[in-house]
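Trainee: Pasting a structure here, questions to come.
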Amino acid sequence: MNFQGRYHECSSDCADLHPFFTQCNSIRVESGCFMVYEHPNYMGQQYFLRKGEYTDCQRMIGFSTCIRSCRMIPMYTGNYRMRLYDRADMGGQMIELTEDCPNIMDRFHTSDIHSCHVMDGHWLLYEQPNYRGQMYYLGPGEYRKYSDWGGTAPRIGSLRRIASFN
């Protein structure tokens with residue numbers, strides 16, 4: 001807590017933080033944005049961090065002291081575009097988005113998203129409406145099934161663009 005003890009500085013992706021420390025009680029993000037994960041190889045619970053100080057990680061943002069990997073989110077200033085599908089392998093009904101959506105169910109009458117294709121930008125998906133609950137980071141690429149983005153079920157309540165690095 002409060003930036004005491006051993007530390008490790010990351011300026012890029014790190015698939016396994018365990019060799020550097022056994023627990024993480026506080027985090028300082030000096031620039032940019034990161035996703036941190038509770039397991040190695042970018043698995044398990046994901047947490048989005050932007051520039052700032054997280055002095056007591058468990059209390060402030062609700063994650064355990066077991067941070068085992070991190071991913072730097074590249075700066076991006078272009079357009080944002082993603083396609084959501086209600087079936088695996090980009091099948092079924094397709095919804096295209098270019099803006100944040102606080103409530104998938106209200107807007108599209110479904111919350112089961114089985115696959116997606118991020119054409120432009122970097123996005124956060126949330127299990128619940130209004131950007132709450134478990135979150136998932138999606139960079140450009142195809143996600144043929146919800147487990148490809150770390151989901152345990154196809155339910156998505158909201159999504160937003162990672163547009164600001166302030």
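The values are calculated or read from the model by the stated rules, or taken from the named source; none is laboratory data. Because the structure is a prediction, the values reported are computed rather than measured. Neighbour counts are summed over all protein chains in view; Cβ atoms, including those assigned to glycine, are modelled from backbone coordinates with ideal geometry. When the accessible area is computed, the model is the full protein with side chains, heavy atoms only, and any ligands, DNA or RNA have been set aside. Shrake-Rupley method; radii C 1.70, N 1.55, O 1.52, S 1.80 Å.
Trainee: Can you give me the ranges of the strands (runs of 3 or more DSSP E) entirely in region 82-129 with at least 1 residues that are over 25 Å from Val36 (Cβ atoms)? Working first, answer last.
Mentor: Details: elements: 91-97, 115-120, 123-128.
It comes to 91-97, 115-120.
Trainee: If you don't mind, another one. Of the residues in region 40-58, how many are surrounded by 14 or more Cβ atoms within 10 Å (Cβ to Cβ) and either among the aromatic types (Phe, Trp, Tyr) or under 17 Å from the mean Cα position of the chain (by Cα) (or both)?
Mentor: Residues flagged as surrounded by 14 or more Cβ atoms within 10 Å (Cβ to Cβ) and either among the aromatic types (Phe, Trp, Tyr) or under 17 Å from the mean Cα position of the chain (by Cα) (or both) within region 40-58 amount to 12.
Trainee: Restricting to region 19-33, give me the number of residues that are exposed (fewer than 13 other Cβ atoms within 10 Å of the Cβ) and either within 22 Å of Tyr137 (Cα to Cα) or of a type in the set (S, T, N, Q) (or both).
Mentor: Restricting attention to region 19-33, the residues satisfying the condition of being exposed (fewer than 13 other Cβ atoms within 10 Å of the Cβ) are 19, 22-23, 30-31.
Applying the additional criterion that residues be either within 22 Å of Tyr137 (Cα to Cα) or of a type in the set (S, T, N, Q) (or both) yields 22-23, 30-31.
Residues in region 19-33 being exposed (fewer than 13 other Cβ atoms within 10 Å of the Cβ) and either within 22 Å of Tyr137 (Cα to Cα) or of a type in the set (S, T, N, Q) (or both): 4 in total.
Trainee: Here's another thing I want to ask about it. Out of (1) in a loop (DSSP other than H, G, I, E, B); (2) of a type in the set (Ser, Thr, Tyr); (3) crowded, with 17+ Cβ neighbours inside 10 Å, what's the single condition that is false for Thr152?
Mentor: Of everything listed in (1) in a loop (DSSP other than H, G, I, E, B); (2) of a type in the set (Ser, Thr, Tyr); (3) crowded, with 17+ Cβ neighbours inside 10 Å, Thr152 misses just condition (3).
Trainee: Still on this structure, I have one more. Please give the number of the condition Ser147 fails out of (1) part of a helix (DSSP H, G or I); (2) open to solvent by less than 50 Å² (accessible area, probe 1.4 Å); (3) not charged (D, E, K, R).
Mentor: For Ser147, the failing item is (2).
Trainee: From the list Gly78, Gly52, Gly44, exactly one residue is farther than 14 Å from Leu124 by Cβ, modelled with pLDDT under 95 and either touching a His at 6+ places or on another chain (Cβ under 7 Å) or part of a loop (DSSP other than H, G, I, E, B) (or both). Which is it? So that I can check it myself, show each step before the final result.
Mentor: On the way: Gly52 fails: either touching a His at 6+ places or on another chain (Cβ under 7 Å) or part of a loop (DSSP other than H, G, I, E, B) (or both); Gly44 fails: either touching a His at 6+ places or on another chain (Cβ under 7 Å) or part of a loop (DSSP other than H, G, I, E, B) (or both).
Exactly one residue qualifies, and that residue is Gly78.
Trainee: Right, another one. Glu142 passes all but one of (1) touching a Cys at 6+ places or on another chain (Cβ under 9 Å); (2) of a type in the set (D, E, K, R); (3) modelled with pLDDT of 95 or more; (4) outside any strand (DSSP E or B); which number fails?
Mentor: (4)
Trainee: Looking at region 75-126 only, could you name the residues that are without any contact (Cβ under 8 Å) to a residue 40 or more places away in the chain, more than 15 Å from Lys145 (Cα to Cα) and either open to solvent by 20 Å² or more (accessible area, probe 1.4 Å) or of a type outside the set (Phe, Trp, Tyr) (or both)?
Mentor: Thr77, Ile95, Glu96, Thr98, Asp106, Arg107, Phe108, His109, Thr110, Met119, listed by residue number.
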